[in-house]
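The structure appears below as structure tokens.
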Amino acid sequence: MTNKKIVFSGIQPSGVIHLGNYLGAIKQWIDLQDKYFSIFCIVDMHAITVQQEPEELQKNIRELAAIYLASGLDPKKAIIFVQSDVSAHTELAWVLNCNTQMGELERMTQFKDKSQRHKQNINAGLFTYPALMAADILLYQTNKVPVGEDQRQHVELTRDIAHRVNNKYGQVFEEPEALLPEVGARIMGLDDPTSKMSKSASSGNNYIAMTDEPDKIRKKIMKAVTDSGSEVKFDEEKKPAISNLLTIYSLVTEKNIKSLEKEYAGKGYGDFKKGLAEAVVEFIEPIQKKYKEYIDDQPKLEKILTNGAKEAAKLAQPTMENVRKVVGLGVAND
Ligand code: AQP
């Protein structure tokens, strides 16, 4: 379908999109779309592994699409679509479920975490989530999967599943690799630098949402947890909170961490946070402006996603036909 290497990634429309999602995933995608054949998905089927209100889910899908576009993903350079609009994802997921071991799924840290957090709803989908994620990736003969650190384990399982299927049936899938950003693969919570920034955090002070108003961003950053002492210094072991804030500062300004340390030498955490808050606001405001244009033009948004789904379905077809053939499924011709 293309001579270029293929990139695939997605985000769940399961709540607000935060700066961690942006810095860990979307930021890389913007650069990759120029070099790779790129496919970016809104993975709504994954989102329903935890309870979702239908209207809220629809709203989140559209907001996430607007964030993708406002961040600089370009439908002329990349395919942008919603997972459930291409039925081959769930079709392939079933086949991959039948090639994935219970023991492998039981080892997934996301399942362990989420089943702890959603004790009333430990459904089969939550457990087999990685097989659906493997289908998302393998359907397009993907080479690289740009994700944050928390998704590395799922991409490694995807690679194992692809390898197993290839051993059993011949060359069916590319065996993909995770692509993690050198800096920003794990942005930590503002209120708790020992766990990752997360959309399902119990407090809104954990994250900066990409749609937070400037004053809310300022307040959240001024409230962020700091470490003992007063020196602005990167030291993940002794100063996990300040190191996380320095990482964010560096990524939104493209200044390196050493130069930021110098800039704030002799100044306290208060000045540093004020500077960081302004830098984040300056970085997010232009994205929010474009976001508003996209979210206010629903027909345009729907057209982009509909076209993306058509293109994705076309691309998925040869892989799905081959899978049906090698596995020995079905009889009917079209
Ligand atoms: N804190 C983070 N730092 C860097 N990257 C991150 N990602 C998520 N959190 C961070 C990356 O963003 C993409 C979105 O993946 P997802 O929609 O599957 O969400 P997730 O990984 O489950 O993380 P969330 O958004 O915080 O949701 P919850 O609260 O449900 O866990 C992935 O590439 C992910 O690595």
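The values are calculated or read from the model by the stated rules, or taken from the named source; none is laboratory data. Model, not experiment: these values are computed from the prediction. Neighbour counts are summed over all protein chains in view; Cβ atoms, including those assigned to glycine, are modelled from backbone coordinates with ideal geometry. SASA here: full protein model, heavy atoms, side chains in, ligands and nucleic acids out. Shrake-Rupley method; radii C 1.70, N 1.55, O 1.52, S 1.80 Å.
In region 158-179, how many residues are of a type in the set (S, T, Y) and either over 27 Å from the mean Cα position of the chain (by Cα) or open to solvent by 70 Å² or more (accessible area, probe 1.4 Å) (or both)? Break it down stepwise before answering.
Step one: filter region 158-179 for residues of a type in the set (S, T, Y), giving 158, 169.
When the remaining residues are screened for being either over 27 Å from the mean Cα position of the chain (by Cα) or open to solvent by 70 Å² or more (accessible area, probe 1.4 Å) (or both), the result is 169.
Residues flagged as of a type in the set (S, T, Y) and either over 27 Å from the mean Cα position of the chain (by Cα) or open to solvent by 70 Å² or more (accessible area, probe 1.4 Å) (or both) within region 158-179 amount to 1.
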(request) Could you figure out which of (1) surrounded by fewer than 23 Cβ atoms within 10 Å (Cβ to Cβ); (2) more than 11 Å from the ligand (Cβ to nearest atom); (3) among the polar types (S, T, N, Q); (4) not in a helix (DSSP H, G or I) isn't true of S14? (result) (2)
(request) Mind counting the residues in region 32-57 that are free of Cβ contacts under 8 Å to residues at least 40 places away in the same chain, part of a helix (DSSP H, G or I) and either within 8 Å of the ligand (Cβ to nearest atom) or in contact with a Pro (Cβ under 9 Å, 6 or more places away or on another chain) (or both)? (result) 1
(request) Please state which of the following conditions E156 fails to meet, knowing it meets all the rest: (1) at pLDDT 95 or above; (2) assigned by TED's automatic domain parsing to the domain that holds M320; (3) within 14 Å of the ligand (Cβ to nearest atom); (4) in contact with a helix residue (DSSP H, G or I) (Cβ under 8 Å, 6 or more places away or on another chain). (result) (4)
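Inspect all residues belonging to region 175-188 and state whether any of them is away from the ligand (no atom under 16 Å from the Cβ), closer than 30 Å to L92 by Cβ and in the same structural domain as L132 (by TED's automatic domain parsing). Step through it out loud before you land on a result.
So in region 175-188, the residues away from the ligand (no atom under 16 Å from the Cβ) come out as 175.
Checking which are closer than 30 Å to L92 by Cβ leaves us with 175.
Subsequent filtering for residues that are in the same structural domain as L132 (by TED's automatic domain parsing) retains 175.
Within region 175-188, one or more residues are away from the ligand (no atom under 16 Å from the Cβ), closer than 30 Å to L92 by Cβ and in the same structural domain as L132 (by TED's automatic domain parsing).
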(message) Please go through (1) within 30 Å of I217 (Cα to Cα); (2) at pLDDT 95 or above for G266 and return the number of the only condition it doesn't satisfy.
(response) (2)
(request) Restricting attention to region 242-289, report how many residues are surrounded by fewer than 19 Cβ atoms within 10 Å (Cβ to Cβ) and not in a helix (DSSP H, G or I). (result) 7
(message) Going residue by residue through region 216-234, is there one that turns out to be at pLDDT below 95 and either on the phi > 0 side of the Ramachandran plot or within 12 Å of the ligand (Cβ to nearest atom) (or both)?
(response) yes
(request) Identify, from the list A78, A65, the residue that is open to solvent by less than 60 Å² (accessible area, probe 1.4 Å), away from the ligand (no atom under 11 Å from the Cβ) and in contact with a Leu (Cβ under 6 Å, 6 or more places away or on another chain). (result) A65
(request) Could you look through region 197-212, keep only residues that are more than 9 Å from the ligand (Cβ to nearest atom), assigned to a loop (DSSP other than H, G, I, E, B) and not hydrophobic (A, V, I, L, M, F, W, C), and pick out the one that is most open to solvent (accessible area, probe 1.4 Å)? (result) S202
